[in-house]
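Right, one structure below, let's go through it.
The values are calculated or read from the model by the stated rules, or taken from the named source; none is laboratory data. Since the model is a prediction, treat every value here as computed from it, not as a measurement. Here the Cβ positions follow ideal geometry from the backbone for every residue, glycine too, while neighbour counts run over all protein chains shown.
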């Protein structure tokens with residue numbers, strides 16, 4: 001499984017479910033143009049993978065494991081409190097916790113309130129995953 005395939009699966013799961021729960025939260029992905037309302041919530045999704053490792057011995061087709069993390073940065077306008085940002089973090093956890101796709105198994109997320117940065121209150125959410133594939 002390529003890094004591009006991992007990205008497509010994660011972005012697909014998130015893009016299919018999150019907008020229906022939070023239609024007014026703008027989403028940006030890595031290296032995409034983005035223009036958001038300075039008065040509205042928005043979030044950024046970044047995906048990081050580690051080096052694939054073979055998980056078997058001697059088979060003609062090897063089983064490989066790639067671990068990684070989907071990182072969500074939630075931005076809330078300053079002065080609107082912490083509640084909505086943490087609710088969005090919970091919604092992200094609900095989407096991914098213990099979920100399995102064709103190749104990926106997700107684990108429970110961790111939400112970390114960062115505080116105010118550049119006129120935004122920020123909450124970061126990390127969702128660890130394991131991607132399995134044969135090659």
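If the requirement is being crowded, with 17+ Cβ neighbours inside 10 Å and in a helix (DSSP H, G or I), which of these qualifies: 74, 88?
From the options 74, 88, the qualifying one is 88.
Here are the criteria: (1) without any contact (Cβ under 8 Å) to a residue 24 or more places away in the chain; (2) more than 15 Å from the chain's Cα centre (by Cα). Tell me which single one residue 41 does not satisfy.
For residue 41, the failing item is (1).
With respect to residue 3, is the statement that it is modelled with pLDDT of 90 or more, surrounded by 11 or more Cβ atoms within 10 Å (Cβ to Cβ) and within 16 Å of the chain's Cα centre (by Cα) true?
Against the criterion (modelled with pLDDT of 90 or more, surrounded by 11 or more Cβ atoms within 10 Å (Cβ to Cβ) and within 16 Å of the chain's Cα centre (by Cα)), residue 3 does not qualify.
Please determine whether any residue of segment 12-22 is touching a helix residue (DSSP H, G or I) at 6+ places or on another chain (Cβ under 6 Å) and either part of a strand (DSSP E or B) or under 19 Å from residue 128 (Cα atoms) (or both). Reasoning before the result, please.
Going through segment 12-22, the residues touching a helix residue (DSSP H, G or I) at 6+ places or on another chain (Cβ under 6 Å) turn out to be 17, 21.
Now drop any that are not either part of a strand (DSSP E or B) or under 19 Å from residue 128 (Cα atoms) (or both), which leaves 17.
Looking through segment 12-22, at least one residue is touching a helix residue (DSSP H, G or I) at 6+ places or on another chain (Cβ under 6 Å) and either part of a strand (DSSP E or B) or under 19 Å from residue 128 (Cα atoms) (or both).
Any residue at all in segment 77-84 that's part of a strand (DSSP E or B), touching a residue at least 12 places away in the same chain (Cβ under 8 Å), out of contact with any helix residue (DSSP H, G or I) (no Cβ under 8 Å at 6 or more places or on another chain) and more than 18 Å from residue 47 (Cα to Cα)?
Checking segment 77-84: at least one residue is part of a strand (DSSP E or B), touching a residue at least 12 places away in the same chain (Cβ under 8 Å), out of contact with any helix residue (DSSP H, G or I) (no Cβ under 8 Å at 6 or more places or on another chain) and more than 18 Å from residue 47 (Cα to Cα).
Given the conditions (1) at pLDDT 90 or above; (2) touching a strand residue (DSSP E or B) at 6+ places or on another chain (Cβ under 7 Å); (3) closer than 19 Å to residue 93 by Cα, report the number of the one that residue 15 does not fulfil.
Every condition holds for residue 15 apart from (2).
Report whether or not residue 95 is in a helix (DSSP H, G or I), closer than 17 Å to residue 7 by Cβ and either touching a strand residue (DSSP E or B) at 6+ places or on another chain (Cβ under 9 Å) or touching a residue at least 12 places away in the same chain (Cβ under 8 Å) (or both).
yes
Regarding segment 47-61, can at least one residue be identified that is in a loop (DSSP other than H, G, I, E, B) and under 17 Å from the mean Cα position of the chain (by Cα)?
Keep residues of segment 47-61 that are in a loop (DSSP other than H, G, I, E, B), which gives 50-52, 55-61.
The next check asks that each one be under 17 Å from the mean Cα position of the chain (by Cα); those that pass are 50.
Yes, some residue in segment 47-61 is in a loop (DSSP other than H, G, I, E, B) and under 17 Å from the mean Cα position of the chain (by Cα).
Which of (1) within 20 Å of residue 94 (Cα to Cα); (2) modelled with pLDDT under 90 does residue 55 not meet, given it meets every other one?
(1)
From the list 108, 131, which residue is touching a helix residue (DSSP H, G or I) at 6+ places or on another chain (Cβ under 9 Å) and assigned to a loop (DSSP other than H, G, I, E, B)? Don't jump to the end; show me each part of the working.
Details: 131 fails: assigned to a loop (DSSP other than H, G, I, E, B).
The unique qualifying residue is 108.
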